[in-house]
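The structure appears below as structure tokens.
Quick note: the coordinates plus some simple rules give every number you see, no bench work behind them. Remember, predicted model here, so these are calculated numbers, not experimental data.
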Amino acid sequence: MSDQRPRSYTDNSAFVRLLETEGRVRVLDVLLRRPGVELTAADISKLAGIDESTFSRNKDVLESFDIVETEYRDGHAVYTLNTESEIVEVLAGSHGTGPVRAGSRRQRNRRRRRRKVTVDDRNVGQ
């Protein structure tokens, strides 16, 4: 007899992995309540009621789901909710915070750059 438990479908479920730890759920809660707000690891940890080490262990998973964006300001990381992510839209709707808006500064700049490309710019060289 093996000491290992049988594998279930949830072992490979992205949904289960996303919500697997209480710390990760707390970080999600903080970010969903503050779309577009840049927060440090210390800010998020304090607001979520977790240690910074707990945040550090969980941020990589949130980044892998494209939920958290990381930027560096004066050598320090700041984190924002990726308001352009489809999964964030679903989570925000389920969370009760409503649709996420605005986005991070980087996202707004990315949208502005996209808008500056005109039809004439795309047809250059044709």
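Per residue of region 24-36, in order, report the coupling 6.51 cos²θ - 1.76 cosθ + 1.60 (Karplus, θ = phi - 60°) as ³J(HN,Hα) in whole Hz, putting x for Gly and Pro.
5, 5, 5, 5, 4, 4, 4, 5, 5, 7, 9, x, x
Any chance you could run the full-extension gain for residue 43 through residue 86? It's 0.36 nm times the residue separation minus the Cα-Cα distance, nm to one decimal.
That works out to 13.0 nm of additional length.
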